[in-house]
Amino acid sequence: MAGKQPVNIVKMKKMKQEGTPLAMITAYDYPSAQLAEEAGADILLVGDSLGNVVLGYDSTIPVTLEDMVYHTRSVARGAQQTFIVADLPFMTYHGSIDETLRNVRRLMQEGHAHGVKIEGGTEIEATVRAIVQAGVPVIGHIGLTPQSVNQIGGYRVQGKDAADARRLMEDAKALERAGAFGVVLELVTEEVATAISRELSIPTIGIGAGRGCDGQVLVFHDVLKYSANYRDKRFVKTYADIGADIRRGISEYVADVKSRAFPAEEHAFRADQGVTDTLDTLYGKGKVEVRS
């Protein structure tokens, strides 16, 4: 978006205070970042969900730090006026603080991210604090945490009972104490997400967490049905079906090639007059005939 002033973590907090929702969407490459920026997204998330929607894995767990650096760098080239957050992938922040900071450094220096996202709550409070103290903006991620899907028993809604609600609230407060500038709430009941959003002074960004959050995030491919075999999700609203358009466009291209309808005369380039005679003289294989 021309003339756009990118948001920063101070402005995000002010937007929460003013009741102005934050619009976040994932991006994984140069063109998706360009389009999302032109459309006015506040924040771009280079999510490790790229494992599912770009790399063809069945979870985010196989995604490597190299994958994240590569894709974040592509997004940064495409969206130079938008705040970019990159996921720390599976097991890149559970070792020593020094190792974690080395991984964060790569996302910031090589990937050109403006901040990082990290999954977990009270158990990673010290890690988040260390990253923030190193000068890196951190957004937390609680509720359904895809990197822990094998431990939590699948993709289940979180916060359905009182004990789980208390756990999520404690996790959110721990992230705020540690200095996180925001918290993503994924697949959390609306009542719990709303209560957390009211309790925290930092923005909450929901995905499948109802209407009470300070902002929303969706996956690029879900918003646009950019998939060969798209599966509808209750918490997603789709705004276009480019998967169908892409399939139709490629099918028409293949049919035109097979029928020789493409390329047509307007797609071809002409040589100077007399070139066909010269070719015939030099190579003696008969006059070059051009399709009409």
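Some values worked out for this structure:
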{"item": "Of residues in the stretch 31-53 being over 26 Å from residue 119 (Cβ atoms) and not aliphatic (A, V, I, L, M), the one surrounded by the most Cβ atoms within 10 Å (Cβ to Cβ)", "result": "34"}
{"item": "Total residues in the stretch 22-35, condition touching a helix residue (DSSP H, G or I) at 6+ places or on another chain (Cβ under 7 Å) and farther than 12 Å from residue 47 by Cβ", "result": "6"}
{"item": "Residues (part of a loop (DSSP other than H, G, I, E, B) and either farther than 20 Å from residue 180 by Cα or of a type in the set (D, E, K, R) (or both)) located in the stretch 142-156", "result": "153, 154, 155, 156"}
{"item": "Any chance residue 276 is polar (S, T, N, Q), in the same structural domain as residue 161 (by TED's automatic domain parsing) and either surrounded by 10 or more Cβ atoms within 10 Å (Cβ to Cβ) or at negative phi (or both)", "result": "no"}
{"item": "Residue in the stretch 246-260 that is at pLDDT 95 or above, under 23 Å from residue 25 (Cβ atoms) and acidic (Asp, Glu) present", "result": "no"}
{"item": "Lone unmet requirement of (1) assigned to a helix (DSSP H, G or I); (2) of a type outside the set (A, V, I, L, M, F, W, C); (3) within 22 Å of residue 101 (Cβ to Cβ) for residue 167", "result": "(3)"}
{"item": "Subset of the stretch 146-166 [surrounded by 21 or more Cβ atoms within 10 Å (Cβ to Cβ) and touching a helix residue (DSSP H, G or I) at 6+ places or on another chain (Cβ under 7 Å)]", "result": "158, 159"}
{"item": "Pick from the stretch 1-55, criterion small (Gly, Ala, Ser), farther than 25 Å from residue 155 by Cα and in the same structural domain as residue 67 (by TED's automatic domain parsing), ranking: farthest from the chain's Cα centre (by Cα)", "result": "19"}
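The values are calculated or read from the model by the stated rules, or taken from the named source; none is laboratory data. Bear in mind that the values here come from a model prediction, so they are computed numbers and not experimental data. Quick reminder, even Gly has a Cβ in these numbers, built from the backbone with ideal geometry, and neighbours come from all protein chains shown.
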